[in-house]
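Below you'll find the structure, written out as structure tokens, and then a few comments.
All of the numbers you see were taken from the coordinates with simple rules; none came from a lab. Computed from a prediction, not measured in an experiment: that's the story for all the values here. Backbone-built Cβ (ideal geometry, glycine too); neighbour counts: all protein chains shown.
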Amino acid sequence: MTDTELTVVESAEAGATVALTTPNISPNTHYFDNDGHTVLFVMNAGGSSDNVIFTGVGACAFGVVHDRTVAVGAGVNKIIGPFNTAHFNNATGHVSLTHSFVTSVTQVALRVPKVQ
């Protein structure tokens, strides 16, 4: 099975319609386009914590490539990001992530553009 793409919703002054999606159990790898202004909103209405693991691809300031794990507790909503493009974007400009728990979890990728 292939990884699941998350459509990035761009915010606007007039508002933007947001549709949250449920993460897949298998495959559990999701990805979204990232320009450094993208965040992931995760709602966990389930009874267990969800560890959202973002795959690191580029070295940090200490020369180490590492993943970022963010715990989203039961009944908690979190906005995660933005994501440094040098650390988290793969060769196609995507951030990849997995969830440890998907029951009653929903998510959406949101982009806040620069104000012109």
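With springs only between Cα atoms under 10 Å apart, run a GNM on the chain and tell me which of His66, His30, His99 wobbles the most.
Ranking His66, His30, His99 by mean-square fluctuation puts His66 first.
Just one of (1) 28, 12, 11; (2) 59, 20, 11; (3) 21, 19, 13 is semi-axes √(5λ) of the Cα gyration tensor in Å as worked out from the coordinates here. Which one is it?
Read-out taken from this structure: (3).
Take the chain, connect every pair of alpha-carbon atoms lying under 10 Å apart with a spring to form a Gaussian network, then pick out the residue of Asp33, Asp67, Asp50 with the largest mean-square fluctuation.
Highest fluctuation of the listed residues: Asp67.
Where in the stretch 1-73 are there GluC sites (Glu not before Pro) that are in a DSSP coil and have at most 11 other Cβ atoms within 10 angstrom of their Cβ?
Within the stretch 1-73, the qualifying GluC sites (Glu not before Pro) (loop, at most 11 other Cβ atoms within 10 Å) are Glu13.
What do the square roots of 5 times the Cα gyration tensor eigenvalues come to for the stretch 1-48, in whole Å, largest first, as semi-axes of the equivalent ellipsoid? Numbers along the way, then the final one.
Numbers: eigenvalues 97, 48, 18 Å².
Each semi-axis is the square root of five times an eigenvalue, giving 22, 16, 10 Å.
Take Thr17 and Cys60, extend 7 Å from each Cα along the Cα→Cβ direction, and tell me the distance between the two endpoints in nm.
4.0 nm
Tell me the chymotrypsin sites (Phe, Trp or Tyr not before Pro) within the stretch 20-115 that lie in a loop according to DSSP and have at most 16 other beta-carbon atoms within 10 Å.
Within the stretch 20-115, the qualifying chymotrypsin sites (Phe, Trp or Tyr not before Pro) (loop, at most 16 other Cβ atoms within 10 Å) are Phe62.
So if I take the centroid of the Cα atoms in the stretch 83-116 and the same for the stretch 1-36, what is the distance between those two points in Å?
7 Å
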